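A quick write-up on the structure given underneath.
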Amino acid sequence: MEYRHLGRSGLQLSALSLGAWVTYGGQVGEDIARECMTTAFEAGVNFFDNAEVYAGGEAERVMGRVLRRAGWRRADIVISTKIFWGGQGPNERGLSRKHIVEGIDASLQRLGLEYVDLLYCHRPDPRTPMEETVRAMNHVIAQGKALYWGTSEWSAAEIMQAHAVARELRLIPPTMEQPEYNMFHRRRVEQEYASIYRTVGLGLTTWSPLASGLLTGKYNDGTAPPGSRATVEGYGWLAERLVGEQARPRIEKVRRLEPIAADLRCSLAQLALAWCLRNPNVSSVIMGASRREQVEENLGALAVAARIDDEVLERIEEVLDNRPEPERDWRS
């Protein structure tokens with residue numbers, strides 16, 4: 001396993017990590033979750049991601065029970081959760097001080113932990129002053145309930161605003177961001193955030209590297225296989241991105257990636273994960289898995305990444321045809 005620093009922090013995360021979105025408490029139960037987490041941990045994965053909203057809190061309960069049964073040393077694992085959608089009440093969502101403080105307490109109770117290593121603001125909250133959110137996240141850290149805080153799906157401007165507020169108040173700024181990043185979803189990571197990697201040393205823990213399974217090729221015939229994410233109840237919006245007219249142009253690109261994967265002697269999933277790993281600004285790529293075999297296959301992406309050279313990257317770019325415009329150098 002390769003370990004990478006989370007931005008400029010001293011914390012090291014496994015380059016591949018395992019997340020609970022959609023799967024834990026939804027697609028799979030505790031036994032399968034334990035198999036997946038144990039397989040990952042034994043391969044060197046130390047980072048496991050969660051959120052208060054996943055399966056209405058059940059994903060945190062499942063992960064917490066797995067951790068207790070596994071008996072792993074707390075120093076050997078990095079656990080994250082995300083705060084924003086905690087319930088239906090007017091103060092159970094968003095990034096107010098009340099919800100952040102009550103939300104982390106509820107998450108820790110479900111996880112059965114004294115603290116999480118990483119705490120994310122799951123989305124930006126325009127209804128709450130930035131100063132209130134920054135102060136609340138620092139309060140949680142001061143109480144020892146989280147070690148680092150960050151953002152998820154925030155714009156570069158919002159991240160920099162949080163840094164400016166933290167600097168003015170002499171508080172801890174966000175250390176990391178958790179954006180979607182895959183072959184079809186690139187602009188924010190490769191273009192919008194480009195300058196803030198240098199200025200604030202932002203670390204990335206990216207999600208959906210397989211575009212919810214589209215990049216595995218399982219949807220290439222235009223239908224959703226039984227048990228896939230496109231069939232999970234309550235995720236109809238996701239199914240629209242995987243099957244039907246909206247998905248056809250991307251499916252065609254997936255088909256054109258197959259010869260590249262064949263030349264590298266890997267699966268399409270491994271190719272997609274390896275492509276994400278090649279980005280030096282990514283601290284950890286969060287995998288999703290509903291079977292132990294998926295975890296084992298995905299872990300093979302580490303070896304594939306080492307075989308992807310500039311020539312292979314250019315072949316991939318020719319298929320994708322969606323490279324974001326780089327920052328303009330006005331001096332050249």
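Quick note: the coordinates plus some simple rules give every number you see, no bench work behind them. These numbers were taken from a predicted model, which means no experiment stands behind them. As a convention, Cβ positions derive from the backbone with ideal geometry for all residues, glycine included, and neighbour counts pool all protein chains shown.
A few points about this structure:
- Unit Cα scatterers, Debye sum, the chain: log10 I(q)/I(0) for q = 0.07 Å⁻¹: -0.27
- FRET efficiency, residue 91 to residue 262 (Cβ-Cβ, R0 45 Å, nearest 0.05): 0.25
- Descending principal axes extents, region 251-295, alpha-carbon based, whole Å: 28, 28, 21
- Simple Cβ-charge dipole of region 1-152, Lys/Arg +1 and Asp/Glu -1, about Cα centre, in debye nearest 20: 240 debye
- Helices in the chain, meaning DSSP H runs of at least 4 residues, each add -39500 (n - 2.57). Divided by all residues, the mean residue ellipticity at 222 nm is -12000 deg cm²/dmol.
- Note on the chain: lysine pairs with Cα distance below 28 Å, sequence gap of 8 or more or different chains, count 4.
- Only Lys, Arg (+1) and Asp, Glu (-1) charged, at Cβ; the chain dipole about Cα centre in debye: 560 debye
- Relative contact order for the chain, counting Cα pairs under 8 Å that sit 6 or more residues apart, in percent: 19 percent
- Label-point separation in nm, residue 109 to residue 1, each point 7 Å along Cα→Cβ: 3.1 nm
- For region 33-96 versus region 194-223, the gap between their alpha-carbon centres in whole angstrom: 20 Å
- If the segment from residue 279 to residue 76 were pulled out straight at 0.36 nm per residue, it would be longer than the present Cα-Cα gap by 70.6 nm.
- In this label model, residue 322 and residue 248 are separated by 1.7 nm, measuring between points 7 Å along each Cα→Cβ vector.
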